[in-house]
Structure formats: structure tokens, C-alpha cells
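S.K.: Okay, handing you the structure first.
The values are calculated or read from the model by the stated rules, or taken from the named source; none is laboratory data. All values derive from a computational prediction rather than experimental measurement. Every residue, glycine as well, gets a Cβ built from its backbone with ideal geometry; the counts of neighbours run over all protein chains shown.
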There are 2 protein chains.
Amino acid sequence: MTKFPLAVIGLLAFSAPVLAQRVPPPQVPVDPHVVALRDAALKDDVAYDIVEGLTTEVGPRLAGTEAEARARAWAVAKLTALGFKNVRIEPARMQTWVRGDEAAEVMSPFPQKLRVAALGNSGATPASGITAPIVYFASFNDLVAAPDGSLKGKIAFVSNAMAATQDGSTYGTFGAARFVGPAIASRKGALAILIKSIGSDHSRAPHTGVTSFPAGAQAIPAAALSVADAENLERMVKRGQPINLHLTLTPHQVGETDTGNVIAEVPGTDPAAGIVVIGGHLDSWDLGTGAIDDGAGVAITTAAAKRLLDGPAPRRTIRVVWFGDEETGGAGSKAYFAAHKGDHHVLAAESDFGADHVWRLATNFAPDNAAIADRLAAALAPLGIVRSRDKGGDGADIAPLVGAGVAAVDLNQDGTRYFDYHHTPEDVLDRIDPAQLAQNVAAWTTMLAVVANASEDIAPVAAADGKAR
Amino acid sequence: MTKFPLAVIGLLAFSAPVLAQRVPPPQVPVDPHVVALRDAALKDDVAYDIVEGLTTEVGPRLAGTEAEARARAWAVAKLTALGFKNVRIEPARMQTWVRGDEAAEVMSPFPQKLRVAALGNSGATPASGITAPIVYFASFNDLVAAPDGSLKGKIAFVSNAMAATQDGSTYGTFGAARFVGPAIASRKGALAILIKSIGSDHSRAPHTGVTSFPAGAQAIPAAALSVADAENLERMVKRGQPINLHLTLTPHQVGETDTGNVIAEVPGTDPAAGIVVIGGHLDSWDLGTGAIDDGAGVAITTAAAKRLLDGPAPRRTIRVVWFGDEETGGAGSKAYFAAHKGDHHVLAAESDFGADHVWRLATNFAPDNAAIADRLAAALAPLGIVRSRDKGGDGADIAPLVGAGVAAVDLNQDGTRYFDYHHTPEDVLDRIDPAQLAQNVAAWTTMLAVVANASEDIAPVAAADGKAR
């Protein structure tokens, strides 16, 4: 491949200064203060200390449970010890679901136990389980095409072909089987549903994650098979005989309980310049210790803010939010938005895609703020970070802010390994590479140093430019 | 991360058929004929046979040289033996550059030989070489900022921080040092330029590739250091003493010579439905045997077309082009466009990004043809392929057609390993994984089966939608 950019060739007809404005990344000066902060952050150990502490001293912290409450207390102590200002918990309420027993076993024709994990909001079988024939669907597409009523008395088994991607884009597509597959199977009369895990590994570790049953759809038992077990079950299907399966899932809804956000700040020198809000989520699924999802996110954003806390005060206040309940319904981000939608937020950014290196920058600045994006791109390029052609503004926790027109920056992490471990028992500290974690901190520190000190106003983004989803 | 798509949650309020039209990938029926062709192609061995033959029996085939002429003859024999129709060579002329001797050595303070490869269009040193001090630039950004005249009598040494990406997006950004760095250094008075290879490896193999000196800029000697050698030289720079380097590069321009495109067809049943043009490029750089760049591309597209050749005749003619001279200036694609711009092309697609699996589909169909894109996405999803938010139309060889408004489909290969080997001696057959090569053939066969048989007209794309670059 040459892909010699024709635009670049054309530029050679102009003088170097013209070229300097148009070759990506934009050739603009980088503030030496930013360079110094960036390069020092490559030796950061604060982020590792946070995620090591959270996974060791708290561990799994399912939203709405007492484990999440312990995590909030841990967070307050840590943020206070780090010297942040205005450290507090903002409580909220949520509907909470908890896992019970879970087991699956092929009864005939090839008796074998299979590894499963219930999906969040799954209904329950009787304690003694159910036995029923399975109906196989090679894809979500095929499940959708099944006639109404055709699954009566059956267990739907839905496969998928999710591959690893650096940008994580296969999750949205192939994840449909988990997001809405159970509700669709329920409406078609299924007794229960098993999906091949929404993951890019081939291990025995099943991937949990939330599903949703809207009003009118019965919450049937819904679980993910590990990819390896799903592949084994598919091989059985191909042999052509009816397959009977025994399934036991005993989760339950416990009603309304406490959740909350933990907030800390680096005060800015110019209150009129607005607030830069960053963070990740404190809750985790219950199977692992929530290292990559999302201990890393709160660790990275906090460690970066700490570097600005320890230097000259930034122009803008940096607010770090460790959101509660991201995983099971987003009660944390909803509560934050309800309480703070009147605050003068000028920029939002979220880290919730693991701890592998940042490879790409995406922004959604208003046209008048294009120079800020250019400065970011130039300052981040030495970390190996490239500029995206897409607009920024991804992330469940900042979605309400982005939807309301707050400008956003995404520092996209490499997702190649992420869905090997996401929502599984394997999401533990051992998945985190300290050198890549530090590169994240360097990228976030660079971003904060540029945006929190930008001399221009940071404008709201027109609704059409925001990317709420 | 949850990234639970809000749009999907909302859809649950609707009935399943509505949902079926809106959840990605679009839940549309897939033609059983397409499924059968796709699944059979996963066992393809024609593509491997082509790239094995081309790399073994021809090997390196620099554009404009007699090696490229041998490759054209080989291609005609192979395409004829495979049963294609209208197999022919369409000759063209081009300006040809050939490599000479090349050597680099630090003379002081730490004498060591360094591995280099001249860039295409590099000027030459005297046969005895030159000795000069180096001036270090940590990035292309820094080279651009150097004052005019400041490089007089010096060898510029430009580094970069290119990281591997699945989508290859770092190539455009970090490649600027190769694309235009030599011309900029020349204008600033440099005697010669060395760049850190535009590659994501850390090996001793330097990456060549074309550079360009516009009228008025002297073609100075320009070469790439291997990444490992560049990193060694950077460590020397950090020690703070002046570095003297001896450089010998003796390439030369040989003037106008022959190149050409090799063309083969699968005749369609409906001439009024237009032509689907696909292909890759036959020429390669001279250092490796051109397995991933781009023996794989001609092999994949030809093997896919062969599967349609061997079945019921498609509605549309499929024209396979093995383009000459992609690497050094694009004489092949220019000649094709000059000769065929009056043909009724309705779709163009190119494979020129290695042989690792296809992970993403991008299209640029006119709005009225959105249903074709939906059918493609549904048919490709079981191969693990996700739909891009970007528009399709990448690729140097189809750029003139796309620029003229021909619709385009990109089947993006995984580029994670591509720039480890691209334009190096390591671009050989051993880099090709036969299973991933066959997945490419399955994706291309699927694409051809859908677009060549689409019952609707395939419309031209408005200029604003085309992505010529």
C-alpha cells in the first residue's frame, strides 16, 4: 500500500508554513509546560496504586450492593489522602439485581456441564432448574426472523461471530444478542435464553452484562455461555440430534437500594472559565475485581488530575467523578446530571475501555474551538496517538452531558484485548500492563493541561454535533 | 464499559419487526446463494496458490523494471489458466527509479554501522559517500519548525512515534516524515535526510517507500533507518555530543520505461447493468517479494472472482485489474482511468492492505442504494465483519474512479501487523496466514455475489460523497 495522500503532495507546491497548517497532525507549537507534564507522567505510579488498591481492598463491587458502598468509602479516603478538594459522596437510589446459583448441563444426547453466567436483570428458574430442548440461532439476525410463538417451551441458543477490534466497534453490533435478544426471545415465547458470550476470547470464562426487559416482556432466565462452551454446544447442534438442556439460574431483584457518585476537585483560578469533568465508573460486575472495567478508568483520570493538582493551579476547575452504577442501568450518571446540569461544564471526558494504550484522539469541539483540537493532536502525537476522523463524545457516563451540548474529548484505548476479559472473572489486576497504564496517564495529563488552561472560551456544541447514544 | 446503545433500548418499545430494521447490523434476509458461496470460500486455496506462485516464480517486481514485465507475463498465464475471459496486458509508460548501494555508519562519537534503505526517488551521494553532522528532530512537527537554511551542510534525522493500528490510520499521520520530509529538508538546505522507518516494528529491517521532490526542490539523498537503528541513534543523540555520520546512497533515475496493467473478466449477463471493477497491484517494492503488498491483494480479488466465474454467470461483468506501478507514482491507475473512464463502471473495490482478516465494511453508496449496503452488512456479519461509520472509497488504484463518482466498497483488513513488514525485506510469503487469507476470499466472494447480482441499478455517487484522496 502506498496511500500517498494526494493532498500532501499538492501541498509541496506551497511554502512550508502553509504545509505546516495542513499536514496531519497539525504542525502547531506545543507548550513546553504541557511537554514537561506529559513526559513526566510516563513514569506515573499513582494510577497503578489506585487500581491495585481498589481491586485488592474492595474487589468486586456490584452496583447497589454493600460492596459498592465499601468502594465509595475507599474512594473518599483515597481521594482525600491524595489531596483533592471538595471530596464527597453524592448518594442516589437504584433498582438492584443480584446473582444466584447458576448451572447448565446438556442432558442428551451428549451429557456435559457447560459454564454459564446469568445476565443482569435475568429472570430465575425454579431452584431445581428447568429441562427443555434448545432451538439454535446462528446469529441475532436469525433470532429476529423466528416466527412468533415458535419458541414456546424451548430454550433459545443464540450464537454470534464477534471478533476483536481495536476500536471496540464489534461490541455494538454483536452485542445486540445480549442487549435485546432476551426480550425478543421472551416475546416469541421462549422459556429461557442462552447466548454465546459477547467476547473475543475462546476461554471457559462466561461474559455477563446487563440486558433489559421492557414493560410487557416477561423477564425470562437469560445467561451467557463461555465462548468455548458455546462452540462445543454448536458442534453438538451440527450433529443433528435434538438437544435437551438443564438450566438453573436463581438471581433476584432486591428492589431499591443505595448507590452514589464520589466526587473530587482540582480548583481552577478562573471560575468563569467553567468546569472540565472527567472520570470513570466505580461499580463493577461481580465476577471479577473490576480492574479493566473500570478500576483503570477512575485510576487513570484521577492520576492525571493529581498531576495538575500538584503543579500550578489550572485555569479551569477539574472535577473528577467516580460514577456509581454504570453497569446495570446508569443511575450514577443520571443522578449526576440531575444534580449538576446547571453547572457550567465546558468539557467532558470519560475513561471506560480498559488500560491498554491510548491510540486515538476524537473531539467534537465547536468550529471556533478547532485550534484546541489542533493543539491536542500535536501534543499527543509523540505518544503515538493519531487523530480520528470520527467525532468524540462516546461513553455512557458522560452521555447526558454530551447530549446537553457539552464539548467532549475521547482518548480511545486499544480495545484489542478488552473483550477477551470484559465482564468475566478474568477482569483482574493481572490484565493491566503498568507501562500502558502510564501512557494513559500521560495522555490524560496532556489533555487536561491543554483544555484546563486553554485561554479561549470553550463553547457548547450544537445538538447536531453532540453524539448522544 | 457498558456502552448500552440507547437507541437499541428505545427500540424495545416497538415490535420486533421495527427493531429488525434498526439494530445493527441490519436484520435483513441473506440470499442462500450468497451464503453458500461465502461458506465454501472459507476453504479457498486459489488465493494462496497465486501469492505463493508470484512470490516464488517472480519475487520482487519493482515498477518499471524487467521484473515487473516478467510479473505481467506470469499474471497473463495464470489468469488464462484459471479460465478468465478477455485476459490482456494494457501497456503504459512511467518514470523509473532504481536502488543502488546503500550504507550508513556513525563515525563519531560511537562508531557503528546502521541499517538503511533509500526511499524511492532519493537522490544520490557520490559513490564514496558523504560525511556530515546530523541534526535531530524528534518529530516531523519539529522538522517543519526548523528555520530556513538551518540545515545547510547537515544530515537531518527525523524520528516519529508510529504505533500499530488496526485501521492503519497512523500511516497517514506519521508517514508525513517520508512523504514530504525529504522535500522540506531539501528546501531548508539539508545535504541529506534520514528518517526513522515508517513502521510499527522494532526490527533491523528498514522500510522503504516513495517520497516526492516537487519542481524546484533538489532530490537530496533520502533514506530510512530501521526502527531499531533509529532508536540506537536517538540514544546516542541523548548523550549530547555532536554525531558525525557517513552515508552512501547511489540510486538513480533511469528515465521512461514500460509498465502496464493486466486485466481479466468474468462476463456478466446484463451489459446494461455495468461493470464491477476490483483488484490490487502487481508491482512491489524491491526489498521483499511483495507478498502482503500486494501479492495478497491480486490473489484475494482474483480468487473471489474465480468463484463467481465457476458458478452461474453474474448479472454484472466483474473486471479484475492487476495494476502496474502503484508504489512509485500510480502510472497503472492513471493509465487505466485514461483508457477506461468512458466504461460503465458501477462499483470499484481494491485490496491493498495485506492478508490478515477483514474486520470492517465501509461503503459510499448513493442514498437510494442503501439497501445494498444493508444486504452486504448482513451477509458479512457471520465472518466477524462490522460496519464502519466512515464512508468507503479508500485505495490509491481506485482513487481516480472514486473521484469520478463510482460507488465503492472497502473490505478493511486488520492492519495490526501490516506496518511491521510493509516495504521491508520481511514482506515475504511467510507473513501470510492461510486461514486469514481464505477469510478474505470469503468476504470478497460475498461482496461480489451481492453487488454483481443486485437487481437494482447501482447509481453514481455525488462528488461530495466520493472520497478521493
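S.K.: Would you point out the residue of the stretch A:322-357, among those that are of a type in the set (A, V, I, L, M, F, W, C) and part of a strand (DSSP E or B), that is surrounded by the fewest Cβ atoms within 10 Å (Cβ to Cβ)?
M.R.: As a first pass, look at the stretch A:322-357 and keep what is of a type in the set (A, V, I, L, M, F, W, C): A:322-323, A:331, A:335, A:337-339, A:346-349, A:353, A:355.
Next, from what is left, pick out any that are part of a strand (DSSP E or B): A:322-323, A:346-349.
On the way: A:Trp322: 33, A:Phe323: 32, A:Val346: 22, A:Leu347: 28, A:Ala348: 26, A:Ala349: 27.
This residue is A:Val346.
S.K.: Among the residues of the stretch B:378-404 satisfying the criterion of being closer than 23 Å to B:Asp283 by Cβ and among the acidic types (Asp, Glu), which is nearest to the other protein chains (Cβ to nearest Cβ)?
M.R.: For the stretch B:378-404, the residue satisfying everything is B:Asp394.
S.K.: What strands (runs of 3 or more DSSP E) completely inside the stretch A:200-307 contain at least 2 residues that are among the hydroxyl-bearing types (Ser, Thr, Tyr)? Walk me through how you get there before you give the answer.
M.R.: Values: elements: A:222-225, A:244-249, A:252-266, A:275-281.
By residue number, A:252-266.
S.K.: Specify which of the listed residues (B:Ala117, B:Ala127) is assigned to a strand (DSSP E or B) and in contact (Cβ under 8 Å) with a residue 40 or more places away in the chain. Talk me through it step by step, then tell me what you get.
M.R.: On the way: B:Ala127 fails: assigned to a strand (DSSP E or B).
Testing whether each residue is assigned to a strand (DSSP E or B) and in contact (Cβ under 8 Å) with a residue 40 or more places away in the chain leaves just B:Ala117.
S.K.: Let me ask another. I'd like to check something: does the stretch B:400-408 contain any residue that is of a type outside the set (Gly, Ala, Ser) and under 14 Å from the mean Cα position of the chain (by Cα)? Spell out the reasoning first.
M.R.: Within the stretch B:400-408, the first condition is being of a type outside the set (Gly, Ala, Ser), and the residues that meet it are B:400-402, B:406.
If we keep only those that are under 14 Å from the mean Cα position of the chain (by Cα) as well, we get none.
For the stretch B:400-408, residues of a type outside the set (Gly, Ala, Ser) and under 14 Å from the mean Cα position of the chain (by Cα): absent.
S.K.: On the given criteria, is B:Thr446 in contact (Cβ under 8 Å) with a residue 12 or more places away in the chain and out of contact with any helix residue (DSSP H, G or I) (no Cβ under 7 Å at 6 or more places or on another chain)? Walk me through how you get there before you give the answer.
M.R.: On the way: in contact (Cβ under 8 Å) with a residue 12 or more places away in the chain: yes; out of contact with any helix residue (DSSP H, G or I) (no Cβ under 7 Å at 6 or more places or on another chain): no.
Criteria not met by B:Thr446.
S.K.: Looking only at the stretch B:191-220, filter to residues that are among the hydroxyl-bearing types (Ser, Thr, Tyr) and touching a Leu at 6+ places or on another chain (Cβ under 9 Å); which one of those is farthest from the other protein chains (Cβ to nearest Cβ)?
M.R.: Keep residues of the stretch B:191-220 that are among the hydroxyl-bearing types (Ser, Thr, Tyr), which gives B:197, B:200, B:203, B:208, B:211-212.
Checking the rest, the ones that are also touching a Leu at 6+ places or on another chain (Cβ under 9 Å) come to B:197, B:208, B:211-212.
Values: B:Ser197: 15, B:Thr208: 11, B:Thr211: 9, B:Ser212: 6 Å.
The extreme case among them is B:Ser197.
S.K.: Residue by residue through the stretch B:136-155, note down the ones that are at the interface with chain A (Cβ under 10 Å from one of its Cβ atoms) and not charged (D, E, K, R).
M.R.: Pass one, the stretch B:136-155, residues at the interface with chain A (Cβ under 10 Å from one of its Cβ atoms): B:138-146, B:148.
Answer for the stretch B:136-155, where residues must be at the interface with chain A (Cβ under 10 Å from one of its Cβ atoms) and not charged (D, E, K, R): B:Ala138, B:Ser139, B:Phe140, B:Asn141, B:Leu143, B:Val144, B:Ala145, B:Ala146.
S.K.: Turning to a different aspect of this structure: When the stretch A:168-190 is examined, which residues are found to be more than 7 Å from chain B (Cβ to nearest Cβ) and not in a helix (DSSP H, G or I)?
M.R.: Step one: filter the stretch A:168-190 for residues more than 7 Å from chain B (Cβ to nearest Cβ), giving A:168, A:174-175, A:177-178, A:181-182, A:185-186, A:188-190.
Passing the criteria: A:Gly168, A:Gly175, A:Lys188, A:Gly189, A:Ala190.
S.K.: Would you mind stating whether B:Lys154 is out of contact with any strand residue (DSSP E or B) (no Cβ under 7 Å at 6 or more places or on another chain) and basic (Lys, Arg)?
M.R.: Working: out of contact with any strand residue (DSSP E or B) (no Cβ under 7 Å at 6 or more places or on another chain): no; basic (Lys, Arg): yes.
Spelling it out, it is not the case that B:Lys154 is out of contact with any strand residue (DSSP E or B) (no Cβ under 7 Å at 6 or more places or on another chain) and basic (Lys, Arg).
S.K.: Here's a follow-up. For the stretch B:282-289, check the following and say yes or no: at least one residue is modelled with pLDDT of 95 or more and within 17 Å of B:Val320 (Cα to Cα). Step through it out loud before you land on a result.
M.R.: Step one: of the stretch B:282-289, the residues modelled with pLDDT of 95 or more are B:282-289.
Okay, now just the ones that are also within 17 Å of B:Val320 (Cα to Cα), so B:282-283.
So far as the stretch B:282-289 goes, yes, one or more of its residues are modelled with pLDDT of 95 or more and within 17 Å of B:Val320 (Cα to Cα).
S.K.: Let me confirm something: among A:Ala407, A:Ala370, which residue is without any contact (Cβ under 8 Å) to a residue 60 or more places away in the chain and more than 12 Å from chain B (Cβ to nearest Cβ)? I'd like the intermediate steps shown before the answer.
M.R.: Numbers: A:Ala407 fails: without any contact (Cβ under 8 Å) to a residue 60 or more places away in the chain.
The conditions single out A:Ala370.
S.K.: How many of the residues in the stretch A:187-213 are without any contact (Cβ under 8 Å) to a residue 60 or more places away in the chain and surrounded by fewer than 24 Cβ atoms within 10 Å (Cβ to Cβ)?
M.R.: Of the residues in the stretch A:187-213, 4 are without any contact (Cβ under 8 Å) to a residue 60 or more places away in the chain and surrounded by fewer than 24 Cβ atoms within 10 Å (Cβ to Cβ).
S.K.: Given the structure, is B:Val158 within 14 Å of chain A (Cβ to nearest Cβ) and closer than 26 Å to B:Glu327 by Cα? Steps first, please.
M.R.: Values: within 14 Å of chain A (Cβ to nearest Cβ): yes; closer than 26 Å to B:Glu327 by Cα: yes.
Judged against the criteria, B:Val158 is a match.
S.K.: Report yes if B:Ala362 is within 22 Å of A:Ala163 (Cβ to Cβ) and either aromatic (Phe, Trp, Tyr) or surrounded by fewer than 21 Cβ atoms within 10 Å (Cβ to Cβ) (or both), otherwise no. Outline the logic, then answer.
M.R.: On the way: within 22 Å of A:Ala163 (Cβ to Cβ): yes; either aromatic (Phe, Trp, Tyr) or surrounded by fewer than 21 Cβ atoms within 10 Å (Cβ to Cβ) (or both): yes.
Criteria met by B:Ala362.
S.K.: Going residue by residue through the stretch B:317-330, is there one that turns out to be out of contact with any Gly (no Cβ under 9 Å at 6 or more places or on another chain) and within 14 Å of another protein chain (Cβ to nearest Cβ)? Don't jump to the end; show me each part of the working.
M.R.: Taking the stretch B:317-330 first, the residues out of contact with any Gly (no Cβ under 9 Å at 6 or more places or on another chain) are B:330.
Still in the list and also within 14 Å of another protein chain (Cβ to nearest Cβ): B:330.
Yes, that holds for at least one residue.
S.K.: Still on this structure, I have one more. Quickly run through the stretch A:136-162 and pick out the residues that are assigned to a loop (DSSP other than H, G, I, E, B) and within 17 Å of A:Ser226 (Cβ to Cβ).
M.R.: Step one: filter the stretch A:136-162 for residues assigned to a loop (DSSP other than H, G, I, E, B), giving A:138-139, A:146-151, A:153-154, A:159-162.
Hits for the stretch A:136-162 are A:Ser159, A:Asn160, A:Ala161, A:Met162.
S.K.: Can you give me the number of residues within the stretch A:32-69 that are exposed (fewer than 14 other Cβ atoms within 10 Å of the Cβ) and farther than 30 Å from A:Leu376 by Cβ?
M.R.: So the answer is 3.
S.K.: Looking at the stretch B:334-352 only, could you name the residues that are within 13 Å of chain A (Cβ to nearest Cβ) and in contact with a helix residue (DSSP H, G or I) (Cβ under 6 Å, 6 or more places away or on another chain)? Outline the logic, then answer.
M.R.: Taking the stretch B:334-352 and keeping what is within 13 Å of chain A (Cβ to nearest Cβ), we get B:334, B:350-352.
Once the filter is applied, which keeps residues that are within 13 Å of chain A (Cβ to nearest Cβ) and in contact with a helix residue (DSSP H, G or I) (Cβ under 6 Å, 6 or more places away or on another chain), the stretch B:334-352 yields B:Ser351, B:Asp352.
S.K.: Taking the stretch B:60-107 as the search range and keeping residues that are among the acidic types (Asp, Glu) and assigned to a strand (DSSP E or B), which one is farthest from B:Ala331 (Cα to Cα)? Please lay out each step first, then the result.
M.R.: Narrowing the stretch B:60-107 to residues among the acidic types (Asp, Glu): B:66, B:68, B:90, B:101-102, B:105.
In the following step, the residues that additionally are assigned to a strand (DSSP E or B) were identified as B:90, B:102, B:105.
On the way: B:Glu90: 12, B:Glu102: 26, B:Glu105: 35 Å.
Within the stretch B:60-107, the match that is farthest from B:Ala331 (Cα to Cα) is B:Glu105.
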